[in-house]
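Engineer: What follows is a single structure, and I will ask about it in a moment.
The values are calculated or read from the model by the stated rules, or taken from the named source; none is laboratory data. Computed from a prediction, not measured in an experiment: that's the story for all the values here. A quick note on method: Cβ atoms are made from the backbone with ideal geometry, for glycine too, and the neighbour counts reach across all protein chains shown. These area figures cover heavy atoms from the full protein model, side chains too; ligands, DNA and RNA do not enter into them. Shrake-Rupley method; radii C 1.70, N 1.55, O 1.52, S 1.80 Å.
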Amino acid sequence: MTEETPGFEEKPDVPSGATPDDAEPQAASPSPEEAAAPAGDATAQTAGLVAQLDQVRTALSERTADLQRLQAEFQNYRRRVERDRIAVKEIAIANLLTELLPVLDDIGRARDHGELVGGFKSVAESLETVAAKMGLQQFGKEGEPFDPTIHEALMHSYAPDVTETTCVAILQPGYRFGERTIRPARVAVAEPQPGAQTVKADEGDEAGEDKESGGPDEG
């Protein structure tokens with residue numbers, strides 16, 4: 001039985017010719033491949049993040065374009081709805097005013113005959129005021145040139161004192177609402193007398209000849 005000497009520790013065998021330091025284990029130094037591995041992983045992670053960022057930017061651009069397109073479509077929709085609403089309102093008002101035209105004609109005839117008096121006059125003027133506030137405009141005057149787009153000729157004649165087709169009498173006034181003609185003015189028209197322009201032209205030529213010749217002979 002071997003007795004152990006206190007305080008004595010066994011040391012590993014050391015080959016002959018080697019120092020004691022050689023017997024201590026050496027820490028393994030990393031190889032160049034292992035040293036480069038962390039740097040390569042960081043580069044790969046950075047490239048992956050950059051790729052993801054590009055994808056996010058692309059998706060954001062696409063969503064922004066979609067939002068802008070939807071906003072433009074919504075604005076166009078609002079404009080169409082507002083335009084249709086105004087058109088429907090104008091049609092409704094025009095239809096109402098059209099139904100009132102016979103009443104306004106009766107009021108005009110009563111005024112011409114001096115029958116617009118008393119309470120009837122007050123009611124008639126109130127009705128005309130309301131119609132004007134709604135946008136009803138009366139047109140048609142004697143002496144204005146005839147326009148087939150707003151006038152309807154019911155009578156025709158010739159007159160020596162007109163130089164073009166002229167409205168000489170307003171048989172029924174016309175009405176318009178905004179740019180819409182509700183009813184054309186019904187008028188009597190007169191055209192220049194046939195041959196009147198020829199006579200005037202001949203007289204003008206004779207006057208020109210007299211001026212060139214020094215005027216008519218005297219004595």
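Engineer: When ranked by the protection proxy of mean other Cβ atoms within 10 Å per residue, highest first, what sequence do the peptides 112-120, 161-169 form? It would help to have the intermediate numbers written out before the result.
Structural biologist: Details: 112-120: 10.1, 161-169: 15.4.
Going by the mean number of other Cβ atoms within 10 Å, highest first, we get 161-169, 112-120.
Engineer: Sort region 98-165 into rounded, prolate or oblate with this rule: let a ≥ b ≥ c be the square roots of the eigenvalues of the Cα gyration tensor; rounded if a/c is under 1.5, and if a/c is not under 1.5, prolate when a/b is larger than b/c, oblate otherwise. Mind showing how you got there, number by number?
Structural biologist: Details: a/c = 3.02, a/b = 1.92, b/c = 1.58.
Here region 98-165 falls in the prolate category.
Engineer: So, one more: What is the packing order of peptides 147-160, 93-106, taking the mean over residues of other C-beta atoms within 10 Å and listing the highest first? Mind showing how you got there, number by number?
Structural biologist: Details: 147-160: 12.7, 93-106: 14.6.
With the highest mean Cβ count within 10 Å placed first, the list reads 93-106, 147-160.
Engineer: Counting only protein heavy atoms and a 1.4 Å probe, tell me what percentage of region 86-138's accessible area is made up of carbon and sulfur.
Structural biologist: Numbers: 2080 of 3520 Å².
With neighbouring chains kept in place, the figure for region 86-138 is 59 percent.
Engineer: While we're here: List every residue whose amide H lies under 5 Å from the amide H of V189, counting only residues 5 or more places away in sequence or on a different chain, with H placed 1.01 Å from N in the peptide plane.
Structural biologist: L154, M155, H156, S157, V168
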